[in-house]
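The values are calculated or read from the model by the stated rules, or taken from the named source; none is laboratory data. Only a predicted model underlies this, so the values are computations on that prediction, with no experimental measurement involved. When we count neighbours, we look across all protein chains shown, and the Cβ atoms used for this are built from the backbone with ideal geometry, even at glycine.
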Amino acid sequence: MTKLERHEKILKLIASNSSISVNELCKLVNTSHATIRRDLAELESEGLLERFHGGAVLSSKKRFEVSFSRRINQHNVEKLKIAAAALERIEDGETIILDAGTTTLQIAKLLVKSGKHVQIITNSIAIAQETADYIDPGVTLLGGNLDWHNMSTVGLVAIEYLRTVMVDKAFIGANSVDIERGVFAVDESSAFLNRAMVASSRQVFVVCDSSKFQRIAPFKSVDLDEVDCLITDNLIDRETAAKLYGRLNLVIAKD
């Protein structure tokens, strides 16, 4: 494989996974750590990606190329199972926060079908569009700066609004989950907003498919000690599940 071919493959892999570790790249590209590190350094110098300790993400200028619709279709079966398990934990009359993840979008769709009466607060444009005409008593779309990559709003306006409310439950997605360090996001603005969501919620649920336990992302959004329940799919490996059972309430979604 030529250097150009390696670079193209690396960028495609990062685009498909939001972020990726050096170890994963070595396996998938079938080359050495030293070569991957040189390739990442060159691609970063060209403004195509951003390195962090142990991995890389697309540069902020390139992240829009990973479309929201594409991410919706990744691990879709698992996300639907996770959303169904989350729906069982939402009661009539509650006020909930849904962040701008693709798994939380599936929760929103199931809420519409369920007919449950809930108040939704979200920074997701897609969730607001999906639920606005059907959810009673209503949907609040947070203001702020527009993030086209995530089809969401972020920034101080959204954070300041969250400081004025206290909701029953928050459902937060993840780009990466580290059993020792917590839940991580690929961009700083989403991480800051997730922290505000946690602070404004009586109960915190993290919803993520099992692939997130093999990924690395740079910005910490939630400490595991702040999580009341983590819902994932049954593809999670036994060792990871055993460690999580010792930290929090782990729910493995049913088939």
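Summary table below
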| read-out | value |
| --- | --- |
| Helices (runs of 4 or more DSSP H) enclosed by the range 1-45 - at least 1 residues per element that are touching a strand residue (DSSP E or B) at 6+ places or on another chain (Cβ under 8 Å), free of Cβ contacts under 8 Å to residues at least 40 places away in the same chain and in the same structural domain as Glu188 (by TED's automatic domain parsing) | none |
| Answer residue from the range 115-159, given it is surrounded by fewer than 18 Cβ atoms within 10 Å (Cβ to Cβ) and within 18 Å of the chain's Cα centre (by Cα) and is farthest from Ser189 (Cα to Cα) among those | Trp148 |
| Some residue of the range 193-203 being closer than 21 Å to Asn17 by Cβ and either touching a helix residue (DSSP H, G or I) at 6+ places or on another chain (Cβ under 6 Å) or acidic (Asp, Glu) (or both) | no |
| Ser211 vs. criteria at pLDDT below 95 and of a type in the set (Gly, Ala, Ser) | yes |
| One residue from Ala174, Ala217 being buried (at least 22 other Cβ atoms within 10 Å of the Cβ), out of contact with any helix residue (DSSP H, G or I) (no Cβ under 8 Å at 6 or more places or on another chain) and in a loop (DSSP other than H, G, I, E, B) | Ala217 |
| Lone unmet requirement of (1) in contact with a Leu (Cβ under 8 Å, 6 or more places away or on another chain); (2) part of a loop (DSSP other than H, G, I, E, B); (3) crowded, with 19+ Cβ neighbours inside 10 Å for Arg247 | (3) |
